[in-house]
Every structure is written in C-alpha cells, then in structure tokens.
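Enquirer: Attaching a single structure in structure tokens format; questions to follow.
The values are calculated or read from the model by the stated rules, or taken from the named source; none is laboratory data. Not measured: the values here are computed from a predicted model. Reconstructed Cβ throughout: ideal geometry from the backbone, glycine too, with neighbour counts over all protein chains shown.
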Amino acid sequence: MSHSDPNCIFCKIVAGQIPSKKVYEDEDILAFHDIQPWAPVHILLIPKRHIASMAEVTEAEAGLLGRMTTLGPRLMKELGVTNGFRHIINTGADGGQEVFHLHLHVMGGPRPWLKG
C-alpha cells in the first residue's frame, strides 16, 4: 500500500487494525461485508491505497476501477446472489458519501430492500 490516511476507518481495516468480514483480498483491493447492510448481501470493495472519493480519481486509476467493477459480479455469484445486484459509489457529502475513502457498494438478494 503506497498511501494511507491514519484517521481513515477503511485504511485501518486494510492495515488490520480494525477487523472486517473479508470476502476477497489482493495486493490492490479489499472486499468485505458492510457492517450496516442495506440488502441481504452487501459488500464493499475498496482500493487499499487511500483515494478519498471518485472526485480524486484520475486516468491512473482506470485499471483499478475496472478491476473493482468486474470483481463485484464474481463475488456476488460466489456469495449466492444469482438474480441481480446493484453497484453504487457515493461521491462527496452531497452524493451521500459517509466514509471518505473510495468504496464500491455491491448489494443483492431478495428485492424487498430495493425501494425505487
């Protein structure tokens, strides 16, 4: 990991200082179950390197983001989600972002959780 923020909860999860229920990990990406799920299956995919939000993404991150978005479907299948799922990235305070470390929500399972 080339850059982290010592005050960032997701950087602390990457560093192993805070436990998480990991689903996947490689040298660049960590995926884990959301502790406040909005759906029956709700995972977060994060870059291990601290990037505050999509507003800070450059062309240099195109490959990383591509890997994150293609990893989501594979992980959902492995977790038993077979009838569809949602990818969400909140950006900035007005975009609903609560943790300022880029993260991709991937949510699926039976639809009663999906309102609109």
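Enquirer: Residue 77 versus (1) charged (D, E, K, R); (2) in contact (Cβ under 8 Å) with a residue 12 or more places away in the chain; (3) more than 17 Å from residue 10 (Cα to Cα): which is the lone unmet condition?
Expert: (2)
Enquirer: Whether any residue in region 58-68 is among the basic types (Lys, Arg), modelled with pLDDT of 95 or more and surrounded by fewer than 17 Cβ atoms within 10 Å (Cβ to Cβ) is what I want to check.
Expert: yes
Enquirer: Turning to a different aspect of this structure: Could we say that residue 73 is closer than 22 Å to residue 98 by Cα and under 15 Å from the mean Cα position of the chain (by Cα) here?
Expert: no
Enquirer: For region 42-87, which positions are of a type outside the set (D, E, K, R) and over 18 Å from residue 24 (Cα atoms)?
Expert: 51, 52, 53, 54, 55, 57, 58, 60, 62, 82, 83, 84, listed by residue number.
Enquirer: Has region 97-116 got any residue that is assigned to a helix (DSSP H, G or I), farther than 20 Å from residue 31 by Cβ and of a type outside the set (Lys, Arg)? Break it down into steps so the answer makes sense when it comes.
Expert: Of the residues in region 97-116, the ones assigned to a helix (DSSP H, G or I) are 111-113.
Now restrict to residues that are farther than 20 Å from residue 31 by Cβ: 111-112.
The next check asks that each one be of a type outside the set (Lys, Arg); those that pass are 112.
Looking through region 97-116, at least one residue is assigned to a helix (DSSP H, G or I), farther than 20 Å from residue 31 by Cβ and of a type outside the set (Lys, Arg).
Enquirer: Cβ-Cβ below 6 Å, separation at least six or inter-chain, first residue in region 1-30 and surrounded by 10 or more Cβ atoms within 10 Å (Cβ to Cβ), second modelled with pLDDT under 95: which pairs?
Expert: So the pair list comes out as 11/4; 11/5.
Enquirer: Follow-up question, since we're still on this one. Could you check region 4-76 for strands (runs of 3 or more DSSP E) lying wholly inside it with 1 or more residues that are basic (Lys, Arg)?
Expert: So the answer is 22-25.
Enquirer: I've got another one for you. Exactly one of these conditions fails for residue 90: (1) in contact with a helix residue (DSSP H, G or I) (Cβ under 9 Å, 6 or more places away or on another chain); (2) surrounded by 18 or more Cβ atoms within 10 Å (Cβ to Cβ). Give me its number.
Expert: (2)
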